[in-house]
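The values are calculated or read from the model by the stated rules, or taken from the named source; none is laboratory data. In this text, all values refer to a predicted model and were calculated from it rather than measured experimentally. Heads up, the Cβs are rebuilt from the backbone with ideal geometry, glycines too, and the neighbour counts pull from every protein chain shown. Protein only, heavy atoms only, side chains kept; ligands, DNA and RNA dropped before computing areas. Shrake-Rupley method; radii C 1.70, N 1.55, O 1.52, S 1.80 Å.
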2 protein chains.
Amino acid sequence: MDSWFGRLGLRAESPRARSRKSAKDLPVDRVSIEEMAPDAGAVLGQAAYLQLGWFEALSRAASAAPDLAAKESLSAAAGRVLAKHTALTEELARRSLDATAAMSPYREQVDRFLEEAEGADWYEALCSIYLTSGLLDDFFARLAAGVRDGGCAISEIIARPDGTDGIVELLTEGMSRNPLLSSRLAVWGRRLVGDTLLVARSALPTHEENAERRIEPVLTELMAEHTRRMDRLGLTA
Amino acid sequence: MDSWFGRLGLRAESPRARSRKSAKDLPVDRVSIEEMAPDAGAVLGQAAYLQLGWFEALSRAASAAPDLAAKESLSAAAGRVLAKHTALTEELARRSLDATAAMSPYREQVDRFLEEAEGADWYEALCSIYLTSGLLDDFFARLAAGVRDGGCAISEIIARPDGTDGIVELLTEGMSRNPLLSSRLAVWGRRLVGDTLLVARSALPTHEENAERRIEPVLTELMAEHTRRMDRLGLTA
């Protein structure tokens, strides 16, 4: 684990993390990550497989939903996430790339990541979907913008609203009935950050010079957005 | 169990069922079921909840798929089935009917039906989705056509292709590797018919005079279509 990751992992668990809500106001070198000019097939493959994973997680959560309203909300989100997956595989096809071949290298890592993110119950699973898809969609939307051919289109697909915001309501309801759930989810939300950043990090070219320095401001922004999502859940990041 | 159902249940397990492939050529009183003028909310609610159930079953099957190509095929089918569900809930909204309230009366029965249809493994689950969604979509598309306000639109939604045909390929592959699977699925396909027809029967108004006589030709057609699906799988109905 190199230093930026180590530092961010630490920051994510620090009480001072809340102060980084102001990070967005700082002047930030936003082109740093985009200038890495990542490979279209790699970004599309990893992002497409992640969407497929969240689709499955949302479908499972919809199946296990305690009432029909929750089932409807989660099924609708599953449908939108699947539509993002499909749009990304269409971008692969436009580049004459095979979707299965492009996704395969990421299958093992993403499967393991999402399996651990399932957590102990329905609420932890929902919390994981909301936080990890939020953070990684932010990350991949920025990374994709640097793809030389049609990067903006890929970025736009990844950034599409996918209805996972409905999870906030479901979790808030659950926490209002069971106050102990709040502290459990706060710990869970902090635990997820490390694994989630590892997935993001695996997408970056390892040979890139100054990768650490370039990625630092992006990570600061990602963590600020993560803190906002935790805030929306009423949890301390 | 009344006589038409009993007779059909019997026929479905009879070797003579194959001969009914010619049933479509017979003159059939197709308006019989439509003339029952079923309640829009009831048909839409039950059909919408069934689509939601198949969506969940397809998502589970996608999660458990042995390779990425199967996962893609089943996820795509799940997405299309969910789109049918959404279109049906939109038809409910157009009629100022609440989707949750319309689906609720069918939840217990459909959940139990789909739970039993899960079968012993991935192949039985796929076989169930293919056969039961085929039979019940046929049935509800016909029943919906009799809804007085906009019945044709509902019927068209239910009859939309949903990509479950991709299951034929997955099952055929599995059976080619494991010949014992064929005989197991043949028994399974026959077992499913009874439960599936019970779901169809529950949608019919019980007070309707001559319901039995009216439904008979429709059931003959439904069974002929079921036999064609079994044929496509290489199984004897």
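Cβ-Cβ contacts under 8 Å between residues 6 or more apart (or on different chains), taken from a first residue in the stretch B:195-210 that is closer than 21 Å to B:GLY41 by Cα and at pLDDT below 85 to a second residue that is open to solvent by less than 30 Å² (accessible area, probe 1.4 Å) and not in a helix (DSSP H, G or I), are listed as B:LEU204/B:MET36; B:LEU204/B:PRO38; B:PRO205/B:MET36; B:PRO205/B:PRO38; B:GLU208/B:MET36. B:ASP149 fulfils the conditions (1) open to solvent by less than 40 Å² (accessible area, probe 1.4 Å); (2) over 19 Å from B:TRP54 (Cα atoms); (3) of a type in the set (Asp, Glu) except for a single criterion, (1).
Report, by residue number, each residue of the stretch A:164-180 that is open to solvent by 30 Å² or more (accessible area, probe 1.4 Å), closer than 19 Å to A:ASP138 by Cβ and modelled with pLDDT of 95 or more. Correct list: empty. For A:TYR49, the criteria (1) modelled with pLDDT under 95; (2) farther than 26 Å from B:THR89 by Cβ; (3) within 9 Å of chain B (Cβ to nearest Cβ) hold in every case but one, which is (1). Considering the stretch A:72-83, the residues that are surrounded by 24 or more Cβ atoms within 10 Å (Cβ to Cβ) and farther than 22 Å from B:ALA101 by Cβ include one that is farthest from the other protein chains (Cβ to nearest Cβ), namely A:VAL81. The set of residues in the stretch B:96-139 that are of a type in the set (A, V, I, L, M, F, W, C) and under 14 Å from the mean Cα position of the chain (by Cα) comprises B:VAL110, B:PHE113, B:LEU114, B:ALA117, B:ALA125, B:LEU126, B:CYS127, B:ILE129, B:LEU131, B:LEU135, B:LEU136, B:PHE139.
Just checking, does the stretch B:189-205 include any residue being of a type in the set (Val, Ile, Thr) and either out of contact with any helix residue (DSSP H, G or I) (no Cβ under 6 Å at 6 or more places or on another chain) or under 21 Å from B:ASP67 (Cβ atoms) (or both)? No, the stretch B:189-205 has no match at all.
Listed by position, the helices (runs of 4 or more DSSP H) contained in the stretch A:74-192 that have at least 2 residues being in contact (Cβ under 8 Å) with a residue 24 or more places away in the chain and within 24 Å of A:LEU235 (Cβ to Cβ) are A:99-117, A:122-144, A:166-177.
The residues on offer are A:GLY174, A:GLY163, and the sole one that is within 14 Å of chain B (Cβ to nearest Cβ) and under 15 Å from A:ALA61 (Cα atoms) is A:GLY163.
In the stretch B:84-108, the qualifying residues are those that are within 21 Å of B:PRO161 (Cβ to Cβ) and facing another protein chain (nearest Cβ under 9 Å), and the one that is least open to solvent (accessible area, probe 1.4 Å) is B:HIS85.
Annotation: of all residues in the stretch A:112-144 being within 23 Å of A:PRO205 (Cβ to Cβ) and of a type in the set (Asp, Glu), the one that is most open to solvent (accessible area, probe 1.4 Å) is A:ASP138.
Out of B:ALA62, B:ALA57, B:ALA69, one residue alone is aliphatic (A, V, I, L, M), at the interface with another protein chain (Cβ under 10 Å from one of its Cβ atoms), surrounded by fewer than 24 Cβ atoms within 10 Å (Cβ to Cβ) and under 16 Å from B:TYR130 (Cα atoms). It is B:ALA62.
What are the residues in the stretch B:61-73 that are part of a helix (DSSP H, G or I), among the hydrophobic types (A, V, I, L, M, F, W, C) and over 22 Å from B:ARG160 (Cβ atoms), if any?
Within the stretch B:61-73, the first condition is being part of a helix (DSSP H, G or I), and the residues that meet it are B:61-63, B:68-73.
So of that shortlist, the ones also among the hydrophobic types (A, V, I, L, M, F, W, C) come out as B:61-62, B:68-70.
Selection gives B:LEU68, B:ALA69, B:ALA70.
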